[in-house]
Amino acid sequence: MTRTTTRLRTVLGVIAIALAATATAWVRLGPVARGTGWAEDTGLFFREHLALGPVGSLFHPYAGYLHLVPRLVVDAAFALPIDRYALAVSSLCCALAGVVCAAVFVLARDVVRPWPLRLVLAAVPVLLPSAPWEVTGNAANLHTFALVLSPWLFTLRPRTRWGAAAAAAAAVLVTCTEVQTVLFLPLLLVAWWPRDGDRRAARRALPMAVAALAGGAAQVVTALVTARASRPGDPGVADVAAGYLFSVVGGLGTSHLGSVGRAVVAHGWAVLVVPAVVLLAVLVVAALQGSWRTRVLLVALPVGSAVVWAAALVANASADERWTTATPAQLEAQTPSRYAAAAGLLLTMAVVVAAATLVDPERRAARPTSAPVPVTRSGGPARVVRAAVGWVVVAALVTTWVGAAGPGPTTRDGGPEWQPQVLRAAASCRAGDHPASVLVRSVPWAASVPCTLVLQADRSSGRH
């Protein structure tokens, strides 16, 4: 097989992964959620696009940081008739989630070598049970996908100049979309480190590193000079830990946290502590078996998960609940959290990397010369046991995904859908008083849509 044919097959495979992940995200939203506007998508991002224009709004700060990719999505959605705005935003966001999945598949090739296991890793962003609840399919929460992509991007050592340029562009988009990506900036040392004596390859990581540091600096400066309207929380350590066990660890297996609450009420917190200890043991054993880059990620991903969760509770009083003193009714009424989704994605990725390391424990020695790289493989019954544990972990994870397949639940399941409202509003815009705009309801707010855009959409629909 020629090199060109191999590359073509690889490209087509990556495209197929992106399309499959996009379709999965789209289906899991459900038809009503896909057609319903959400929060900033039809609120602040919508208003500032109209007020500042597509260029002026791109780097305009909101809530203390930059939102580059969400604003680009909103700008792109305005290219279609305004009655299709909500569907356009949903479809673009699902497509970007698919791109993130495909990117993870490519970026993880040196850590998760068996492609079936790497495929499982790549599927995490769209198959986390609670992802559709609030994270998938809307621009307001695209920063979550930027966050989970960042550790894989920052540890990348590009193999070509084109790859270096693409990585630099991705670093700008990622860091200028999610402020918490600065937590993973130390991972740039993994890309810079001249391992195996290959200093030229390390230098190809420089453009991406410069772009990431510049984007991170822009976010930090924005956070320092921009006031946040959100009231900060004041969580205790016990509530941070209990909330992590309940919403993050419990949310790995189901989007129905009420069932987690019922289990805690019936059997105590041990139903969450025991699985958490098992996961920690799997991570530790895998870290002992993996290569040095694998070890770095097996530390960075779960630690990042915990830090992101704690930071959300400290920064947002709305997320700061009292899990340790909650009543049984309160525990059984819990719903997924967008903050738990970000932490859950990072933790799930760490679990998949650990399982893949147990299944495929090859460790590559350092390359002092141009000689072939020796490979060592641990043998005996211990290796068989580790591989079995790895496969059991993967099987358990995939089983939870199968159980959570299908639409919902989401925060937008009850509508109201955007397009019918816009088309009905055309009559008001044609009325004798000729209002300048009409209100179109979304979740949880409403958008003031100019009548010029409403009438254009009405004409494009063929009704007039």
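Quick note: the coordinates plus some simple rules give every number you see, no bench work behind them. These figures come from a predicted structure and were not determined experimentally. All Cβ positions, glycine included, derive from the backbone under ideal geometry; neighbour counts span all protein chains shown.
In the stretch 122-269, if the dipole is taken from +1 on Lys/Arg beta carbons and -1 on Asp/Glu beta carbons about the Cα centre, which of Ala266, Gln180, Val240 is farthest to the positive end?
The Cα lying farthest towards the positive end belongs to Gln180.
Starting from 0 in steps of 10 Å, tell me what percent of the Cα-Cα pairs of the stretch 163-236 lands in each bin.
With a bin width of 10 Å, the distribution comes to 19, 40, 25, 12, 5.
Charges on Cβ only, +1 for Lys and Arg, -1 for Asp and Glu, centred on the Cα centroid of the chain; of Ile15, Val278, Leu257, which one is farthest towards the dipole's positive end?
Ranked along the dipole, the leading option is Ile15.
Where does the charge balance sit around Arg71 when Lys and Arg score +1, Asp and Glu -1, over other residues with C-beta under 11 Å from its C-beta?
Working: positive: none; negative: Glu40, Asp41, Glu48, Asp75.
Counting the neighbours of Arg71, the net charge comes to -4.
Mind ordering 117-123, 321-327 by average Cβ neighbours within 10 Å, highest first? Provide the component values of the computation, followed by the final result.
Details: 117-123: 22.0, 321-327: 15.7.
So the peptides 117-123, 321-327, ranked by packing, come out 117-123, 321-327.
Which helices, taking whole DSSP H runs in the chain, have alpha carbons extending 24 angstrom or more along the helix axis plus mean Kyte-Doolittle at least 1.6?
Values: long enough: 3-29 (39 Å, 0.89); 85-107 (32 Å, 2.35); 206-225 (28 Å, 1.81); 270-289 (28 Å, 2.82); 292-315 (33 Å, 1.54); 338-359 (32 Å, 1.85); 381-403 (33 Å, 1.38).
Span-like helices in the chain: 85-107, 206-225, 270-289, 338-359.
Please label the shape of the chain as rounded, prolate or oblate, based on the square roots a ≥ b ≥ c of the eigenvalues of the alpha-carbon gyration tensor (a/c under 1.5 means rounded; beyond that, a/b larger than b/c means prolate, else oblate).
Values: a/c = 1.86, a/b = 1.41, b/c = 1.32.
Verdict is prolate for the chain.
Would the stretch 150-302 count as rounded, prolate or oblate if I go by the C-alpha gyration tensor, calling it rounded below 1.5 in a/c and otherwise prolate when a/b exceeds b/c, oblate otherwise? Display every interim value, and only then the final one.
Numbers: a/c = 2.98, a/b = 1.54, b/c = 1.94.
Since a/c reaches 1.5 but b/c is at least a/b, the shape of the stretch 150-302 is classed as oblate.
When only Cα pairs under 8 Å and 6 or more residues apart are kept, what is the percent relative contact order across the chain? Please report the intermediate quantities before stating the final value.
Working: 757 pairs, mean separation 106.1, N = 464.
Result for the chain is 23 percent.
Determine the dipole magnitude for the chain: charges of +1 sit on the beta-carbon of Lys and Arg, -1 on that of Asp and Glu, nothing else is charged, the reference point is the Cα centre, and the result goes in debye to the nearest 20. Don't jump to the answer; show the numbers that get you there.
Working: 38 positive and 21 negative charges, 392 e Å.
Taking the Cα centre of the chain as origin, the dipole is about 1880 debye.
Volume per residue, Å³, of the convex hull around the alpha-carbon atoms of the stretch 219-366?
Details: hull volume 18.2 nm³, N = 148.
Per-residue hull volume (Cα only) is 123 Å³.
Might you list the cysteines of the chain that have no disulfide-compatible partner by the rule of another cysteine's Cβ under 4.7 Å?
Within the chain, the cysteines lacking a partner Cβ under 4.7 Å are Cys93, Cys94, Cys101, Cys176.
Name the shape class, rounded, prolate or oblate, that the alpha-carbon gyration tensor gives for the stretch 200-283, where a ≥ b ≥ c are the square roots of its eigenvalues, rounded holds for a/c under 1.5, and otherwise prolate holds if a/b is larger than b/c and oblate otherwise.
Working: a/c = 3.46, a/b = 1.70, b/c = 2.04.
In terms of gyration-tensor shape, oblate.
Would you mind counting up the charge near Ala342? Only other residues with Cβ under 12 Å from its Cβ, with Lys and Arg at +1 and Asp and Glu at -1. Don't skip to the end; give the middle numbers.
Values: positive: Arg338; negative: Glu134, Glu178.
So the surrounding residues net to -1.
Ranked from highest to lowest mean number of other Cβ atoms within 10 Å per residue, what is the order of the peptides 239-248, 287-296? Let's see the in-between values first.
Values: 239-248: 22.9, 287-296: 17.8.
With the highest mean Cβ count within 10 Å placed first, the list reads 239-248, 287-296.
Which order do peptides 97-104, 7-14 fall in by mean Cβ count within 10 Å, highest first? It would help to have the intermediate numbers written out before the result.
Numbers: 97-104: 24.0, 7-14: 12.0.
Going from most to least packed, we get 97-104, 7-14.
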